[in-house]
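Here is the structure we will look at, set down as structure tokens.
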Amino acid sequence: MSTPQPANEVQVGSISDRGLSDKRPLNEDSYLADPARGIFVVADGVGGADAGEIASQTAVDVLNDAFRQKITDGEDVEDLLELAIQRANSSIHQMAADNPRFSMMATTVVALHLDGNRATIGHVGDSRLYRLTPDGELLRETEDHSVVEEEVRAGRMTPEQAANHPSKNVISRAIGAENSVEADMKTIDVEDGSAFLLCTDGITRHIPDNELRQVLMSAASPAELCEEMKRRCYQRGAEDNLTAVIVQIGEPKFETVPLDEERTISNERPPAAIPANAYATSADSPTRLTPASRIAFPGPSEAQQVQRNVTDARSSGAGRAILRFFVFLLFVAVAGGAFYGGMRYQQQRTATQTIPTPTPASTPDNSAFASKRTAVDADPQKWLNDNVQAQMTKEAIAKATDSKDAEFLYLYGRAQMLTGNHREADQAFEAALANVHSDNKPNLSLDTELKLASAAAALKMNKANAPRSQATSMAEDKAITVLDELIGVKAGSK
């Protein structure tokens, strides 16, 4: 649906659609667009079945209730918005705990409140908020809470690697995933003529930042611009639910251009504001998109601040300890990358090795194992539904992690990690390692992958009911122990 909602000098357009993928028969996105109260929200639910839809709608409803009364002078909008996000998190987390059907339920959220020339922004997850200035400069006001974007920001992964990483759609923070959540909050001044875009990743996976800027600068109403975004996403496959809300405040100063409905993904870059390493599409593969930076066109002050932080860390004894800590994390990041890119790595390794040709009996086994991994990566939830109960029946066991089949345990753990259940994944990998080591003829490739996977799962997993710092320390210690075993470091040499 698409709904223009003008109010005074504010024009609003919105669109929400399930997309074209058969894997997503329901639209799990929800949104709120209320120019009269100045509150706008977009949420992208996860959890399968109708759990994602319930999670996203719950977040929207809680924020809607929080701003049901008009804000009074002197009231701290940022505190009110953050409190509403925390309430939404508690409600969704409690529903997930009370109902096993909703155990994987969570949602992203990005919210905007406008009060005169002041804009308050809060978000959790990878749904985004962009601001188009009156002069036509596009700024991304939110940072994605996703695994690959955090690796890019930390310098452990390039944007090109992130674009094609198997975990590029895995979020690292979500409403309802834990009993508390950290929301990113900010308040900014807004000039007359500015525009805002709130959207889910169903939009940004198909339309890169430079093209979003072109669309937003077109001579069309917000509702027409939303319809155009949907059209372009459909033209490129619409692999996910898609939702967008556009808020136009007054009239822009830049010269608008006619909306070009025949335009494909453009390689043009906006003038001046784009740095040399801005992420864009390539001319020879127009549909191969890379995720944009946390801000579409970052200013020099941000880069200088990052450099100062690095310099300060290196100039003190504490800084050296921090640097050593990040070296450990780098090993873990590499381990996680090796796990998620297991198949590609194995194929490249096989192609470059010069060892004698193995016996004919080993080739079908390796090929079958690779095929099973491919099935898990393609649709981990389907693999769990199709294989877990059958294996439990076959071995007459009460739970999957009681299995004695190392290969099954590895695939089970891989599927659980890809669906976000890192605690169950870690238990499965530990059980698989135990079974591999008890075998007289262990599969060394599988053994290595299990250790890498166990390290990655341990780093991601927070222990239940433990303080944040303690939980993080336990997970890091476990990951480092596994990595030390891999690289041959003895426990006494640390």
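Points worth noting:
- Residue ranges of helices (runs of 4 or more DSSP H) in the stretch 156-243 with at least 2 members farther than 21 Å from Gln57 by Cα and modelled with pLDDT of 95 or more: 209-216, 222-235
- Of residues in the stretch 244-266 being surrounded by 13 or more Cβ atoms within 10 Å (Cβ to Cβ) and modelled with pLDDT under 50, the one farthest from the chain's Cα centre (by Cα): Arg263
- Inter-residue pairs, beta-carbon under 7 Å, first within 16 Å of Leu418 (Cα to Cα) and in the stretch 378-393, second of a type in the set (Val, Ile, Thr) and open to solvent by less than 90 Å² (accessible area, probe 1.4 Å), 6+ apart: Pro380/Thr419; Gln381/Thr419; Trp383/Val376
- Test: Asp79 is among the acidic types (Asp, Glu), out of contact with any Lys or Arg (no Cβ under 7 Å at 6 or more places or on another chain) and at pLDDT below 90: no
- Any chance Val46 is open to solvent by less than 30 Å² (accessible area, probe 1.4 Å) and under 19 Å from Val181 (Cβ atoms): no
Listed here are the residues, each with its yes/no results for (1) more than 19 Å from Thr204 (Cα to Cα); (2) assigned to a strand (DSSP E or B); (3) out of contact with any strand residue (DSSP E or B) (no Cβ under 9 Å at 6 or more places or on another chain).
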| position | (1), (2), (3) |
| --- | --- |
| Ile92 | yes, no, no |
| Arg101 | yes, no, yes |
| Met104 | yes, no, no |
| Arg131 | no, yes, no |
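- Just one of the numbered conditions (1) open to solvent by 20 Å² or more (accessible area, probe 1.4 Å); (2) outside any strand (DSSP E or B); (3) within 24 Å of Ser56 (Cβ to Cβ) is not true of Leu114: (2).
- The numbered conditions (1) in a helix (DSSP H, G or I); (2) at pLDDT 95 or above; (3) closer than 25 Å to Asn169 by Cα; (4) not β-branched (Val, Ile, Thr) are all true for Ala97 except (2).
- The stretch 112-140, subset touching a Ser or Thr at 6+ places or on another chain (Cβ under 8 Å) and of a type in the set (Gly, Ala, Ser), residue nearest to Asp240 (Cα to Cα): Ser127
- Members of the stretch 191-205 that are open to solvent by 10 Å² or more (accessible area, probe 1.4 Å) and not acidic (Asp, Glu): Thr204, Arg205
- Matching residues in the stretch 127-157 - criterion: being touching a helix residue (DSSP H, G or I) at 6+ places or on another chain (Cβ under 7 Å) and farther than 28 Å from Glu28 by Cβ: Arg156
The values are calculated or read from the model by the stated rules, or taken from the named source; none is laboratory data. Everything numeric here is computed off the predicted structure, so don't read it as measured data. All Cβ positions, glycine included, derive from the backbone under ideal geometry; neighbour counts span all protein chains shown. Note: areas computed on protein heavy atoms with side chains; ligands, DNA, RNA excluded. Shrake-Rupley method; radii C 1.70, N 1.55, O 1.52, S 1.80 Å.
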